[in-house]
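Just below is one structure, and these are the notes that go with it.
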Amino acid sequence: MPDSQTPTPQRSGRGSQTARDMVLSLAALLVIVAAVLGFSRGCSFSPGGPTIETSAVPTVDVHTALTGIAAGTDVPVREPKLPAGWRANSTDTISIGAGDQARPVVRVGWLTASGHYLRLSQTQGAARDLIASETDDPKSEPAATGTIDVEGVSWTIYPARRNETSWLANVGGVRLLISGNGKDADFRTLAQAVQTATPLPKQS
């Protein structure tokens with residue numbers, strides 16, 4: 001009498017499929033590790049606050065950028081001359097205020113020689129709008145925490161976002177705001193450089 005039992009099909013390729021899955025998983029893990037290492041290469045920790053590895057960030061031609069911006073705005077834009085070791089890595093223009101009170105703000109960011117970050121904002125807009133633009137809550141105006149004199153110009157100190165600091169001054173009818181996590185010496189260097197700079201010429 002013939003055997004009516006149905007033969008069990010063989011499972012083929014299971015071992016090779018498992019090995020392939022392991023290889024793919026390992027490759028994905030290596031990609032993630034490489035991405036994390038690439039990100040962390042640009043930053044380091046120090047007791048005085050986070051610092052940035054300047055070789056890992058882009059460089060901006062400040063003179064070309066500010067000259068172009070100055071030609072298209074009514075703000076008397078100043079270009080501070082900073083010491084060697086400072087690297088500009090960003091420029092942009094934002095707007096503060098609303099409606100008829102809206103005014104442009106010209107901003108440039110630098111990595112300082114000490115590895116920290118500072119951003120300079122220049123505008124003819126309202127001081128409280130400018131200060132609020134550098135806080136975590138733009139609807140509120142933080143209280144000043146003090147003043148500091150830089151070569152005869154009084155700068156008012158305010159808290160900024162992420163436990164950073166802002167210095168505000170009025171120079172030549174323009175409000176200047178320096179914000180970031182730099183050291184006091186960095187703030188003073190940028191403050192002196194911008195307040196003594198001559199506004200860039202307008203193109204006719």
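How many residues are part of a strand (DSSP E or B) and modelled with pLDDT of 95 or more if we restrict to segment 159-198? Write out each step before concluding.
So in segment 159-198, the residues part of a strand (DSSP E or B) come out as 159, 165-171, 174-180.
Still in the running and modelled with pLDDT of 95 or more: 165-171, 174-180.
Selection size over segment 159-198: 14.
Could you count how many residues in segment 112-156 are among the hydrophobic types (A, V, I, L, M, F, W, C), surrounded by 16 or more Cβ atoms within 10 Å (Cβ to Cβ) and closer than 18 Å to residue 190 by Cβ?
The total comes to 8.
The values are calculated or read from the model by the stated rules, or taken from the named source; none is laboratory data. Not measured: the values here are computed from a predicted model. Cβ: placed from backbone, ideal geometry, glycine included. Neighbour counts: every protein chain shown.
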